[in-house]
Amino acid sequence: MAYTTLISAADLAEHVFASNWVVLDCRHDLANPDFGRQAYAEGHIPNAQFAHLDTDLAGEKFDADKVFRGRHPLPDRANFIATLRRWGIDDDTQVIAYDAHGGMFAARLWWMLKWVGHDAVAVLDGGLPAWLAQGMFVSTEITSRTLGTLTDKPSLVTSVSANDLLNGLTVAAHTIIDARAPDRFRGENETLDPVGGHIPGAKNRFFKDNLQADGRFKSADQLRSEFSELIKNPETAVMQCGSGVTACHNLLALEVAGLSGAALYPGSWSEWCADPSRPVAQTV
């Protein structure tokens, strides 16, 4: 049985040392890029390896023409495959991603593995806090694995560009869902990007609204009910956020809810607002 959305701490504990399972620690702090690696060194789920958002799960911020692609653009596909192989991932490997932030960063890795055609990837529901709550121990041992043989396969997910969204605005071709906190969506308290606001016509679904009080995801039924109020057809929906990270949390929630087919706008607000010719909306 492959896990393709979420996995419980109890189920992970039964397989954490399995030879064909790879566990990746995705902890991060946007304000302190060294936080995740330090936290990993202080203690992590046994057999886990560390995945850094900035260097492993993102690529160059500027393209060959010096055009800004956003704060966390997708990496070169071949480079990402090489990274996955370095972690020992083969075509039949079960991958588990976790963080300590309700899946905020782990969901990005989940989506990216689907992007390169690998379906057997899941996020630890509740993250490291759920693991510790089960009485499981952590390790400081650094794991290394034999180079993997993962192959690049057709993508299982879709993405759109800034131009795709811009061209579709006048005809409302997409239902755009912004995963940022409500104040940033309104254009208030913007500290990460140079311009406050949101893409015209976008709706706000703060990614943390996908979670229960204990940091685990809400039930499939509840997520389906809540998202159905925002999205009529998932296949015309686009998830975005500040830099293409927490939008993946909404995409994971949609998958849990059985509402497959939404696309990711990887550049998200950080790319969109960098071009002054693109329209900006603010809520007063």
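Worth pointing out:
- Proximal aspartates and glutamates to K153, defined as alpha-carbon separation beneath 16 angstrom and excluding residues fewer than eight positions away on the same chain: D76, D90, D91, D92, D119
- Cα centroid separation, region 139-202 to region 104-121 (Å): 13 Å
- On the chain, 50 percent of the accessible area sits on carbon and sulfur atoms, based on a 1.4 Å probe.
- For the chain: relative contact order, % (alpha-carbon pairs under 8 angstrom, 6 or more apart): 21 percent
- Under a model in which nothing but the beta-carbon of Lys, Arg (+1) and Asp, Glu (-1) is charged, the chain shows a dipole of about 360 debye around its Cα centre.
- Debye intensity ratio I(q)/I(0), log10, region 150-189, q values 0.19, 0.20, 0.32 Å⁻¹ (C-alpha model): -0.78, -0.82, -1.02
- Simple rule: put +1 on each Lys or Arg Cβ and -1 on each Asp or Glu Cβ in the chain, find the dipole, and look at V256, V67, A213; the Cα lying farthest toward the positive end is V67.
- Shape class of the chain from the Cα gyration tensor (axes a ≥ b ≥ c, square roots of the eigenvalues): prolate, since a/c reaches 1.5 or more and a/b is larger than b/c.
- For region 153-232, applying the loop criterion from DSSP together with a ceiling of 14 other beta carbons within 10 Å to the GluC sites (Glu not before Pro) yields E188, E229.
- Around the amide H of V22, modelled in the peptide plane, lie the amide H atoms of Q94, V95, I96, all under 5 Å away and 5 or more residues distant in sequence or on another chain.
- Tail fraction, Cα-Cα pairs, region 19-109, threshold 17 Å, whole percent: 52 percent
- Per residue, region 1-132 exposes 38 Å² of accessible surface when a 1.4 Å probe is rolled over the protein heavy atoms with every protein chain present.
- Flagged links, alpha-carbon separation over 24 Å, of K114/K218; K66/K208; K61/K114: K66/K208
The values are calculated or read from the model by the stated rules, or taken from the named source; none is laboratory data. Everything numeric in this text was worked out from a predicted model, so none of it was measured. Here Cβ is always computed from backbone atoms with ideal geometry, including for glycine, and neighbour counts include all displayed protein chains. Each accessible area value is taken on the protein alone, full model and side chains, heavy atoms only, with ligands, DNA and RNA left out. Shrake-Rupley method; radii C 1.70, N 1.55, O 1.52, S 1.80 Å.
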